[in-house]
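Below you'll find the structure, written out as structure tokens, and then a few comments.
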Amino acid sequence: MALWSDGTGALYVRKGSLRYLQPTYVGYNSSKFGATHNWEIHDHAQRFEVGGRQTAAIAGQCAVLAWLETTIGYDWLFQRIAELNIYAYKRLKEIPGLTVLTPKAGQSGILTFTITGIDETEVVKRLLEQHIAIRSIPANHSLRVSTGFYNTRAEIDKLADTLCTIR
């Protein structure tokens, strides 16, 4: 389930911490105007705006955030994500040959793990055949599952049960 358009996102950074971040990419909107030879990026959040704004996508994001706040509620949402992550952590820890890399359950919706003896891309492929979507992390040959507030324990059980059959 995607809560907003592909290619969009949001990052909240405390104003005092902004100076520690450098943009990965810069573009037209990142730079200060008027400097022709000494190109300079903005010293505020606009430095992260690479190109034009997708106004319709931003309007969609605003609608989603308003819906989450008024209908779901952030306290419930964060608690639900943590609960599902803890449940997934416990279920995956039970699987022989699977090593959970995430140090502590319930800190976020992300859970990273490895499975001994099988390539991570093969695991992703086999799970997709069962309509289970997770992603591989090539840098350390691991797998990542993300629990969202919209997931269910039954989906986590299906993931764990399917992982038990993959060898």
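The values are calculated or read from the model by the stated rules, or taken from the named source; none is laboratory data. All values reported here derive from a predicted model rather than from experimental measurement. FYI the Cβ positions are ideal-geometry reconstructions off the backbone, even for glycines, and counts take in every protein chain you see.
Structural remarks
- Residue match in the stretch 73-93 (condition: outside any helix (DSSP H, G or I), of a type in the set (A, V, I, L, M), at pLDDT 95 or above and closer than 27 Å to THR8 by Cβ): no
- Condition broken by LYS15, with the remaining ones in (1) at pLDDT 85 or above; (2) surrounded by 10 or more Cβ atoms within 10 Å (Cβ to Cβ); (3) more than 22 Å from the chain's Cα centre (by Cα) satisfied: (2)
- Where a residue in the stretch 108-127 is farther than 30 Å from TYR74 by Cβ and its partner, wherever it lies, is of a type in the set (S, T, N, Q) and modelled with pLDDT of 95 or more, with Cβ under 6 Å and at least six apart: THR114/THR99; THR114/SER142; GLU120/SER136; THR121/SER136; VAL124/SER136
- Condition met for LYS104 (of a type in the set (Lys, Arg) and surrounded by 12 or more Cβ atoms within 10 Å (Cβ to Cβ)): no
- Tally of residues being assigned to a helix (DSSP H, G or I) and not aliphatic (A, V, I, L, M) across the stretch 100-124: 3
- Test: ARG153 is assigned by TED's automatic domain parsing to the domain that holds TYR87, within 15 Å of LEU92 (Cα to Cα), in contact (Cβ under 8 Å) with a residue 60 or more places away in the chain and not hydroxyl-bearing (Ser, Thr, Tyr): yes
- A residue that is buried (at least 17 other Cβ atoms within 10 Å of the Cβ) and not hydrophobic (A, V, I, L, M, F, W, C) occurs somewhere in the stretch 117-127.
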